[in-house]
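Asker: I have a structure here, written as structure tokens, and I will follow up with some questions on it.
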Amino acid sequence: MQKHATVIALTGKGGVGKTSLSAAIVRQLTEQFPEARVLAIDADPAIGLSVALGVVVTETLDDIRRRVAEDVTEKLHDTQDILAEAKFRLFQAMEEQNGFAFLAIGRPEAAGCYCAVNTYLRQVISMLADEFDYVVIDGEAGIEQINRRVMEKVTHLLCVSDQSRKGLQIVETIRKVADELVLYDEIGLVINRAPLPDRITEDVCGGIPIAAVIGQDDAMTENDIAGRSIFELPPDTPILLGARRALENLHII
Ligand SMILES: Nc1ncnc2c1ncn2[C@@H]1O[C@H](COP(=O)(O)OP(=O)(O)OP(=O)(O)O)[C@@H](O)[C@H]1O
Ligand SMILES: [Mg+2]
């Protein structure tokens, strides 16, 4: 029987380090398991993971959705053909670059409505779960994609927060909703850029087990200024060590 993928999603308030940590996790997985099939998904319409990973995006999920929809009205009629076409385009779009495949949700043009592409993403996650060993999803900030069940098939939910009460409250809310709507096996909390790590205890975090605490990472800041990818960071920097610790605590490595 084929093994179902480990699907890791990163969620939390805006600006707390979800994208950076997603990229760090992708790097750790590709280094730890060079033979494994790894897929990184940028599920944030604001886009960022491609830059963090240093990959070039040619076609997004939203592009594919629109092109297949056009074909459906013009030449494709049979449901099986439509599915086959969507799958074919998807695999073309996910061409592997640095030892992992990459897919971006894209930026739907219809102002304000991400419903269609989010529904598509949910189906894509289900469909791809058997084609990959590890799927890493950099989620949109906030609770929307959890609410819309986009993250339903996630096996490992990684909540990211700064040390602020607000960030931790958002994570607590996410967990409550995820308990109903996500079929996760493991959940963990990463507190990123923590200025006062000594003050962090399990009870401030809504009962979510702490997977890692990461301090300010100056090498990351340098990388950011220069626009370099996560693969250009030295291996012993706080964000990479934190990603590794989180993966260990979630029993992935
Ligand atoms: N531990 C760290 N040390 C230094 N800089 C960091 C650290 N973690 C993240 N950053 C920087 O903080 C900024 C925000 O991080 P990032 O983009 O990963 O957050 P995000 O949660 O994905 O934000 P958004 O909600 O906007 O998508 C980036 O410039 C990133 O390089
Ligand atoms: Mg981000």
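Asker: Treat region 6-249 as a sphere of radius equal to its Kirkwood radius over Cα pairs and apply Stokes-Einstein at 10 °C in a medium of 1.306 mPa s; give the translational diffusion coefficient in µm²/s, rounded to a whole number.
Answerer: Calculated translational D: 87 µm²/s.
Asker: Debye calculation, C-alpha points only, no solvent: report log10 I(q)/I(0) for region 60-147 at q = 0.13 Å⁻¹, in the same order as the q values.
Answerer: The calculated log intensity ratios at q = 0.13 Å⁻¹ are -0.46.
Asker: Would region 115-253 count as rounded, prolate or oblate if I go by the C-alpha gyration tensor, calling it rounded below 1.5 in a/c and otherwise prolate when a/b exceeds b/c, oblate otherwise?
Answerer: Oblate is the answer for region 115-253, as a/c is 1.5 or above yet b/c matches or exceeds a/b.
Asker: Residues with beta-carbon under 13 Å from that of Gly99, excluding Gly99: net charge, scoring Lys, Arg +1 and Asp, Glu -1?
Answerer: That sum, taken over residues with Cβ under 13 Å, equals -3.
Asker: Let me know the charge dipole size of the chain about its Cα centre in debye, to the nearest 20, where only the beta-carbon of Lys, Arg (+1) and Asp, Glu (-1) is charged.
Answerer: So the magnitude is around 500 debye.
Asker: Kindly provide log₁₀ I(q)/I(0) values, in the same order as q = 0.13, 0.22, 0.24, 0.27 Å⁻¹, from the Debye equation applied to equal alpha-carbon scatterers of region 164-232.
Answerer: The computed values of log10 I(q)/I(0) come out as -0.50, -0.95, -1.02, -1.15.
Asker: Within a Cβ distance under 12 Å of Ile208, other residues only, what is the Lys/Arg minus Asp/Glu net charge?
Answerer: After counting each charged neighbour, the total is -3.
The numbers here are math on the coordinates, done by the rules we state, and not lab data. Since we're looking at a predicted model, the values are computed, not measured. Cβ sites come from the backbone with ideal geometry, for glycine too, and all protein chains shown count toward neighbours.
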